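Taken together, the values in this text are just the output of simple stated rules run on the coordinates, not laboratory data. Just so it is clear, the model here is predicted, and its values are computed rather than measured. In this analysis, Cβ positions are derived from the backbone assuming ideal geometry, glycine residues included, and neighbour counts consider all displayed protein chains.
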Amino acid sequence: MVRMTTLGPDDGHLFLRTGREGLASGVGHDLTIEATRWSVEIAGTGEPARLHVAATVELPSLRVRAGTGGAVPLTDRDRAEIESTMARQLGPGSATFTATLRTTDTMVDGALTLRGKSAPLRVDIAELGDGRYRVTGRIRQSTYGLTPYRAFLGALKVRDEVEVEVELFLSDPRA
């Protein structure tokens, strides 16, 4: 018997976190970016219980939620410019992550496909209690043909590595 559960923004949060580097890094901001349209399909099969996971993030739904550090606070205009830059670089498509895991796994190897390129992605899963789970991983933009943002002749750069954090609220984690 296969049991399927579909989750989305009403069932958690999906954040990307960027960092900065370079001689002018004090001018820029570390960003928290939220995906506002995403879904995770979890299908449970067999004994011992295995879960097949397929997550999709609609790239145009990425929104800058916070910016820390920097010489001046992040403004609404800054947010709009960053979102416009992301939209140009990422395009109108989606990113997908697929993996198969056992219900006892805390580290999972899957595949992330972004802009037509697929590469392995390892994520960590932590049970937080009360049906809450946190999934974290790190992706390198360059792996998917993306050039991290640069300004001031490269003196300010966004790090190649981006942190991904998903917090899910499940009523039955073995769905």
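The calculated FRET efficiency for the pair Ala49 and Met107, based on their C-beta separation and a Förster distance of 22 Å, comes to about 0.80. Shown in residue order for region 39-45 are the 3J(HN,Hα) couplings computed by the Karplus curve 6.51 cos²θ - 1.76 cosθ + 1.60 at θ = phi - 60°: 8, 10, 9, 10, 10, x, 9 Hz (x for Gly and Pro).
Couplings 3J(HN,Hα) of region 69-75, computed from phi: x, x, 6, 9, x, 5, 9 Hz, in residue order, whole Hz [Karplus 6.51 cos²θ - 1.76 cosθ + 1.60, θ = phi - 60°; x for Gly and Pro].
Can you sort Arg50, Arg77 from fewest to most other Cβ atoms within 10 Å of each residue's own Cβ?
On the way: Arg50 14, Arg77 8.
Ordered from fewest to most neighbouring Cβ atoms within 10 Å, Arg50, Arg77 come out as Arg77, Arg50.
Axis angle, to the nearest 10 degrees, between helix 76-90 and the longest C-alpha principal axis of the chain: 60 degrees.
The length gained on full extension between Glu34 and Glu21, counted as 0.36 nm times the residue separation minus their Cα-Cα distance, comes to 2.5 nm.
Sort 93-104, 65-76 by the packing proxy (mean of other Cβ within 10 Å over each peptide's residues), most packed first. The partial results should precede the final answer.
Working: 93-104: 16.0, 65-76: 12.6.
Averaged packing, sorted descending, gives the order 93-104, 65-76.
Cβ crowding within 10 Å, taken as a proxy for footprinting-reagent exposure, orders Asp130, Asp109, Asp30 from fewest neighbours to most as Asp130, Asp109, Asp30.
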